[in-house]
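The values are calculated or read from the model by the stated rules, or taken from the named source; none is laboratory data. Not measured: the values here are computed from a predicted model. In this analysis, Cβ positions are derived from the backbone assuming ideal geometry, glycine residues included, and neighbour counts consider all displayed protein chains.
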Amino acid sequence: MVKKGSSLLETRRWNRVLIKNMIFRTENATRTGIAEALGLTLPTITTSVNEMLSEGILEEIPFSENNLVNAMGRRPTSIAFRADTACAIGVELGPYATSAVLLNMKGNVVASSEEEPAAENYHQMLQGITGQIQNLMRFAEEGHLLGVGIGLPGFIDCESGVIRSNLRQDWVGQHLAEDLQSMLNVPVIIDNNARIRAIGYEMSSHKVKADTFAYLFVSKGIACPLMIKNDVVSGCTSGAGELGRTIIGFHEGGKALRKTVDDLGSERAIFEKCQERLLQGNASKLRAVLEEKGRLTIQDILDAQRRGDKDVNEVIGEVIEYLGIALANVVNLINPGFVVVDGYIMKEKPNREKLLGAAKANFYGLNEEEVQVFFQPYDSSWGAKGAAYFVISRLFLEC
């Protein structure tokens, strides 16, 4: 039996959580606007907001001249978190680099760093990112650091902090959150990096977005987590909407074949197909780069595409065609109102246009008109920012 008093305290606590989340995600948040959005009374909002103003974690900011709407001449104010209320460190253990940021409550980067990809050996990786994180901790005000968030590919148990599956076999089964926490003496939470990128987008973007949206992340593999009302759909021990493991059927040389989306529509597929062209003596512009540098990066491939390498352009076009089919399958199945596409190869406008064309050609019914597709501008530290937003959500806004 729940006592009335404790029930009232829990209601007040939960209302405060809702209010904090609304303020964090809203530009020009007002008491009236929050009350309307949450369906709570204005006195309830005012009481909670005034408490947080007294605690010094919120501040009132005058509206700009363009937003003055009070006919009586009184300048209205919005409510926002103070930048120095708290801060969080985010790290992404990506395939090409290990990026880290220190983020404040305004979503501004206080300090950042980028290092080589993490070591295959788990303990070497642990030592490396510990040093990287400790360097950022020096920039955090004492007592203001909420904790550290880590995003990495694979199946992650975010509740226990265990890496369940990863291409780096030495990492599998390791208690990453616990190990880092003991070395840093601050809270550490981990999750799949695609999920974290989707969470970061939802928390930081003030663009119009539907309650339900899909986040297509294109890297060496393909992931597509689904967000519904500020939360990623999948359990705490799940992956990130592993679209790359789904199957596409196609014909080649008169034969019916089946391969995964990762095999056909990922950055890995681009590298493999470019390698085939090079072995055939083609892709001359890319070959010149390979001979000069001895290795190729995804940027080298995009540069060759930009310089008009016919073979490279054909490879990227074919890969994006399969990627568009996979995206259309997601849209046709779930019909999200909004799709965010995040990927290095989408830096190039022709590639964005190819993906839109390939997806829309396979949309069913009215989906082409109903689904908005937004391309996340490329940012090498975006995954780390998402991990920092994850910390702010879990260790501040939800408390």
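Summary of values
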{"read-out": "Which numbered condition Asn335 misses (of (1) surrounded by fewer than 16 Cβ atoms within 10 Å (Cβ to Cβ); (2) farther than 20 Å from Ser205 by Cα; (3) without any contact (Cβ under 8 Å) to a residue 40 or more places away in the chain)", "value": "(1)"}
{"read-out": "Residues within region 170-206 that are touching a residue at least 40 places away in the same chain (Cβ under 8 Å) and out of contact with any strand residue (DSSP E or B) (no Cβ under 7 Å at 6 or more places or on another chain), tallied", "value": "7"}
{"read-out": "Check on Glu348, over 24 Å from the mean Cα position of the chain (by Cα) and not assigned by TED's automatic domain parsing to the domain that holds Gly147", "value": "no"}
{"read-out": "Residue match in region 116-125 (condition: touching a Ser or Thr at 6+ places or on another chain (Cβ under 8 Å) and under 30 Å from Thr26 (Cα atoms))", "value": "no"}
{"read-out": "Residue satisfying condition, being within 14 Å of Ala387 (Cα to Cα) and surrounded by fewer than 19 Cβ atoms within 10 Å (Cβ to Cβ), within set Asn108, Asn185, Asn121", "value": "Asn108"}
{"read-out": "Condition met for Ile316 (buried (at least 19 other Cβ atoms within 10 Å of the Cβ) and in contact (Cβ under 8 Å) with a residue 24 or more places away in the chain)", "value": "yes"}
{"read-out": "Test: residue in region 318-331 that is more than 21 Å from Ile248 (Cα to Cα) and acidic (Asp, Glu)", "value": "no"}
{"read-out": "Elements of type helices (runs of 4 or more DSSP H) contained in region 242-333, each with 1 or more residues being hydroxyl-bearing (Ser, Thr, Tyr)", "value": "284-293"}
{"read-out": "Residue tally, condition in a helix (DSSP H, G or I) and in contact with a strand residue (DSSP E or B) (Cβ under 6 Å, 6 or more places away or on another chain), over region 15-47", "value": "1"}
{"read-out": "Region 20-48: number of residues that are under 15 Å from Phe81 (Cα atoms) and within 29 Å of the chain's Cα centre (by Cα)", "value": "12"}
{"read-out": "Region 350-381: number of residues that are part of a helix (DSSP H, G or I) and crowded, with 19+ Cβ neighbours inside 10 Å", "value": "5"}
{"read-out": "Which numbered condition Gly249 misses (of (1) surrounded by fewer than 18 Cβ atoms within 10 Å (Cβ to Cβ); (2) modelled with pLDDT of 95 or more)", "value": "(2)"}
{"read-out": "Residue in region 134-150 that is in contact with a helix residue (DSSP H, G or I) (Cβ under 6 Å, 6 or more places away or on another chain) and among the polar types (S, T, N, Q) present", "value": "no"}
{"read-out": "Hits in region 212-229 - residues which are in a strand (DSSP E or B) and out of contact with any helix residue (DSSP H, G or I) (no Cβ under 9 Å at 6 or more places or on another chain)", "value": "Ile228"}
{"read-out": "Enumerated strands (runs of 3 or more DSSP E) restricted to region 135-190, each holding at least 3 residues that are in the same structural domain as His123 (by TED's automatic domain parsing) and closer than 19 Å to Ile392 by Cα", "value": "145-152"}
{"read-out": "Unmet criterion (only one of (1) crowded, with 18+ Cβ neighbours inside 10 Å; (2) modelled with pLDDT of 95 or more) for Leu226", "value": "(2)"}
